[in-house]
Amino acid sequence: MRKIFALVLSAILICSVTACSSPAATKNSSVTNAETKKKMDKTLKQNSFEGIVYLTHNGKPVYSSVTGTDEKGKKLTLNSSMYIGSVSKQFCAAAVMMLKQKGKLNVNDTIDKFFPKYTQGKKITIKNLLTMRSGLPKNIAEDKYKIAPEQTEAQNTDSILKTIFNLTLSCKPDTKYEYSNTNYILLANIVEKASGKKYIDFIRTNIFKPLGMTHSGFVDEVRDNPKWAKGLTYDTFTTVENCKGMTKGAGDVVANAADMDKWMTALQSGELISKKTYKEMTKDYSPDYAEQYGYGLILGPLGGVGHSGNIGTYYARDFFIEKEGYNLFIASRKAKAQYENLPSALLKSLI
């Protein structure tokens, strides 16, 4: 029934998207079906949403809404690049799986293979990091090893790793799900060791460039790349987030709506990783917990997957339903708890 409805709906869709920036979402959005547009506009208004919403169906734009301003006071547009926070974790997870497919690593490898001085590394696998089941705690901003904005990425990374390796595990690895950025900071460093490239260079070379993601980059680059990152500053960040290396792999990507749509499509299609590998990434490895976490992806309602992110005052969410052909990207400068429910609230009008 859902398939039939989706097919009928897609047949009447007019695939044109406007990206205006008036204060009210109802004056500033485009969708192919008037009734559906009305429902989606109403949903955004009810959730006091301000930012960017971009929905495609089988690769064609069907809805967009752009409201609000950037950090410099200029109106946001559909082309505006935004900080996406922990949505970045799926890029890191995909990088790991790309290296797995090349035989550079195995998810069952214990991480002492990459960090031989880490005594607990013999107990923790790459898979434990991917699935948030390593036992590594959340907070790594300790004073023993200096992590600071004025230091280089290499200096901070050295301090970050020393701090992590001196932490006490909160539980035995693979016995409990516990969301922690620490896992993905380590994974990004494993990508560097396994590939022989800087993490951001690996992502850019193997993901951004092949997909034509020309409005995408990384948090640590924003100061030096005003062409694609205009409208963004570091004023929104905490001191910890502003330290080079602290967001690497865990919350470091900056992208716009069109680039995120390219990414979601490629991840599902087998263009970057095999279909078998994608299926492995989207399996629930902690069925005993409410949050159904795969490899950098959370299984959500309506058969969709994606991730949410929060960095500074920014909120982002991507959500894609392979079976139905929908990709949804949401980004805002005003992080609010109710935004978590937006994907299902918006898509229930269509599915």
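In what sequence, largest accessible area first, do Glu221, Glu50, Glu271 appear using a 1.4 Å probe?
Ranked from most to least accessible, the order is Glu271, Glu50, Glu221.
Starting from the Cα gyration tensor of region 182-303, take the square roots of the eigenvalues, sort them a ≥ b ≥ c, and report rounded, prolate or oblate (rounded when a/c is under 1.5, otherwise prolate if a/b is larger than b/c, else oblate).
It comes out prolate by the Cα gyration axes.
Taking the solvent-accessible surface of protein heavy atoms with a 1.4 Å probe, what is the per residue accessible area of region 218-351 in Å²?
Using a 1.4 Å probe on heavy atoms only, each residue of region 218-351 averages 38 Å².
What list of ³J(HN,Hα) couplings, whole Hz, do you get for region 64-74 from phi and the Karplus terms 6.51, -1.76, 1.60, once you set θ to phi - 60° and write x for glycine and proline?
Listing the rounded values in order: 8, 8, 9, 9, x, 10, 7, 5, 9, x, 8 Hz.
So what's the angle, to the nearest 10 degrees on a 0 to 90 scale, between helix 181-195 and the longest Cα principal axis of the chain?
80 degrees
Using only Cα atoms, find the angle between the long axis of helix 34-46 and the longest principal axis of the chain, and express it within 0 to 90 degrees, rounded to the nearest 10.
Roughly 50 degrees between the two axes.
Name the lysines eligible as straight-distance cross-link partners of Lys146: C-alpha to C-alpha under 19 Å, and not fewer than 8 places from it in the same chain.
Lys138, Lys162, Lys244, Lys248
Using alpha carbon centroids, what distance separates region 64-95 and region 165-232, in Å?
Centre-to-centre distance over Cα atoms comes out at 16 Å.
Which of Gly217, Gly59, Ile185 sits closest to the plus end of the dipole of the chain, meaning its Cα is farthest towards the positive end, when Lys and Arg get +1 and Asp and Glu get -1 on the C-beta?
Gly59
Out of Asp109, Asp252, Asp318, any idea which swings most in a Gaussian network model of the chain, alpha carbons joined below 10 Å?
Asp109
As I understand it, the value is the acute angle between the Cα axis of helix 2-11 and the longest principal axis of the Cα atoms of the chain; what does it come to in degrees, rounded to 10?
60 degrees
May I ask you to evaluate 6.51 cos²θ - 1.76 cosθ + 1.60, the Karplus curve with θ = phi - 60°, for each residue of region 76-91 and list the ³J(HN,Hα) values in order in whole Hz, giving x for glycine and proline?
These are the phi-based 3J(HN,Hα) values: 5, 10, 5, 8, 4, 7, 10, 5, 10, x, 6, 4, 4, 4, 5, 5 Hz.
Summing -39500 (n - 2.57) over the DSSP H runs of n ≥ 4 in the chain and dividing by its residue number, what mean residue ellipticity at 222 nm do you reach, to the nearest 500 deg cm²/dmol?
-8500 deg cm²/dmol
Relative to the Cα centre, what is the charge dipole magnitude of region 218-351, using +1 at the beta carbon of each Lys and Arg, -1 at the beta carbon of each Asp and Glu, and rounding to the nearest 20 debye?
I would put it at about 220 debye.
Enumerate the amide H contacts of Tyr63 below 5 Å, restricted to partners 5 or more residues apart or on another chain; note that Pro and chain-start residues carry no placed amide H.
Placed amide hydrogens put Leu55 under 5 Å from Tyr63.
Under unit Cβ charges (Lys, Arg +1; Asp, Glu -1), what dipole magnitude, rounded to 20 debye, does the chain have relative to its Cα centre?
560 debye
I need the P(r) histogram for region 233-335: all alpha carbon pairs, bin width 5 Å from 0 out to the longest distance, whole percents.
P(r) over region 233-335, rounded to whole percents: 2, 11, 20, 22, 19, 14, 9, 3, 0.
Gap in Å between the Cα centre of region 308-342 and the Cα centre of region 248-263?
12 Å
Over all directions, what mean area does the Cα convex hull of the chain project, stated in square nanometres?
Hull-based average projected area comes out at 16.9 nm².
Give the accessible surface of region 34-169 per residue, rounded to a whole number of Å², with probe radius 1.4 Å and ligands, DNA and RNA excluded.
Ligands and nucleic acids excluded, the figure is 44 Å² per residue.
Work out from phi, with θ = phi - 60° and the Karplus expression 6.51 cos²θ - 1.76 cosθ + 1.60, the ³J(HN,Hα) of each residue of region 96-108, listed in order in whole Hz, and give x for Gly and Pro.
For region 96-108, the Karplus curve yields 4, 6, 5, 5, 4, 5, 8, x, 7, 7, 9, 5, 8 Hz.
Quick one: pull the percent of accessible area on the chain belonging to carbon and sulfur, 1.4 Å probe, ligands and nucleic acids left out.
That share works out to 51 percent.
The values are calculated or read from the model by the stated rules, or taken from the named source; none is laboratory data. All values derive from a computational prediction rather than experimental measurement. Positions of Cβ are generated from backbone atoms using ideal geometry, with glycine treated the same way; all protein chains shown enter the neighbour counts. Note: areas computed on protein heavy atoms with side chains; ligands, DNA, RNA excluded. Shrake-Rupley method; radii C 1.70, N 1.55, O 1.52, S 1.80 Å.
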